[in-house]
Amino acid sequence: MLKFKVIYQQTGEFQERKLTPDLVAQGGGLIGRHNKCDVVLNSPDVSRVHARIIHRGGQYYFSDLGSTGGSTVNDEEAQTNQTFLLKPKDLIRIGGFTLLVEAVKQEKKSRPRQSSSGSVWGQISAIGQYVAPFTIVLVLLMALVAINVLPTPTFGNVEIDQLLHSGIDFVKGLIHLGEANYSLMKVFG
């Protein structure tokens, strides 16, 4: 569990927030101005989906998602998708807000679990924290081929062609299962 205080610097108002591994693993942990974010920072200098808290290997990380106004962690400017390991007393600044990390309870590494809606995208989001990034890119490319956004590559070797088509059929099956619950679709849904 990650416990932190959100302080609005202009008024001094604050609220205490907690994020659990289950919430974060299911595409949650989003920070931004949009009302479907898990941590809503209502200010024009905060992007609709500004940043995210990630839970990986029993620890929590902060990552800016390419926001317009940027973020800092302990006065270090966060680059897009750069991750910062969070520990007590860390200060995250987003627009006119300061997030003060109060407690980080390290959890045992949990297995990815199916989201409560049974969504395939929720499962992929949960698995994504454990899969090498190049594997995710490969699956996404296969998905683009499967829905005819990219042309099907041709190879002289029939075995490779058959393997690719098997992968495409698998991705087509994933695409046709259930409604998308991926975190950004949840926000913009």
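The values are calculated or read from the model by the stated rules, or taken from the named source; none is laboratory data. Computed from a predicted model, the values in this text were never measured in an experiment. Backbone-built Cβ (ideal geometry, glycine too); neighbour counts: all protein chains shown. Keep in mind that these areas ignore ligands, DNA and RNA; they rest on the heavy atoms of the full protein, side chains included. Shrake-Rupley method; radii C 1.70, N 1.55, O 1.52, S 1.80 Å.
Close Cβ contacts (under 6 Å, 6 or more residues apart or on different chains) running from residues in segment 1-20 that are free of Cβ contacts under 8 Å to residues at least 12 places away in the same chain to residues that are surrounded by 15 or more Cβ atoms within 10 Å (Cβ to Cβ) and not hydrophobic (A, V, I, L, M, F, W, C) are absent.
What do you reckon, is K18 assigned to a strand (DSSP E or B), modelled with pLDDT of 95 or more and open to solvent by 40 Å² or more (accessible area, probe 1.4 Å)? First the steps, then the outcome.
Working: assigned to a strand (DSSP E or B): yes; modelled with pLDDT of 95 or more: no; open to solvent by 40 Å² or more (accessible area, probe 1.4 Å): yes.
So K18 fails the test.
Please indicate, with yes or no, whether at least one residue in segment 20-43 is of a type outside the set (S, T, Y) and within 13 Å of V104 (Cβ to Cβ). For segment 20-43, residues of a type outside the set (S, T, Y) and within 13 Å of V104 (Cβ to Cβ): present. Listed conditions (1) in contact (Cβ under 8 Å) with a residue 40 or more places away in the chain; (2) surrounded by fewer than 19 Cβ atoms within 10 Å (Cβ to Cβ); (3) over 13 Å from the mean Cα position of the chain (by Cα) are all met by L41, apart from (2). Residues in segment 48-58 that are touching a Ser or Thr at 6+ places or on another chain (Cβ under 7 Å) and open to solvent by 20 Å² or more (accessible area, probe 1.4 Å): R52, I54.
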